[in-house]
Amino acid sequence: MAKNFWKKAFGPLGGNDDEEYYEDDLLDEEEDQEYEEEVDQQEPMYEEPSFSRRRSKVISMPENRTSASGDTQMKMIIFRPTSYDETQSVIDSLKARKPIIVNLDEIDVAVAQRILDFISGAVYALGGDIKKAARNIFVVAPSNVEVTSNMTNERSTMDFDVGDL
């Protein structure tokens, strides 16, 4: 009777029913082995992706069209802005690797200087070239176009001829 008393009193508190725990452990081990065998035989729930997470840094360049003679055709764009807001189209053409002639003859000198500064920055960033062709006229070339001149006394400055406007 004392044994039953102690089992009832200390059973819920973690008494010494070791035999009961050992039997449960044996059953658990058998169930674990059966489960592991089932898992090994099953196919994986998902497949590993076959692609890499890295993105390619290769960018395709636009192709140049060729004429019937096999020469590469290139279009020259003439740009005569009336305001600073139109300057973005010059940069878009430069990014498309098209040479541009910029005519700043009929625009205010301060606005023309801002336009030229903006274009010069973009030309530098894109690795292009800018040359003064005549009074307030500039040739803007992308990196795939070389600009040469045969003028011997060409002025090296990119300033405007204020007196001529």
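We did not get these values from a lab; they are worked out from the coordinates using the rules stated. Only a predicted model underlies this, so the values are computations on that prediction, with no experimental measurement involved. All Cβ positions, glycine included, derive from the backbone under ideal geometry; neighbour counts span all protein chains shown.
In terms of the mean number of neighbouring beta-carbon atoms within 10 Å, the peptides 125-135, 75-85 order highest first as 125-135, 75-85. Extending 7 Å from the Cα toward the beta-carbon at both Ser89 and Glu146 defines two label points whose distance is 3.2 nm.
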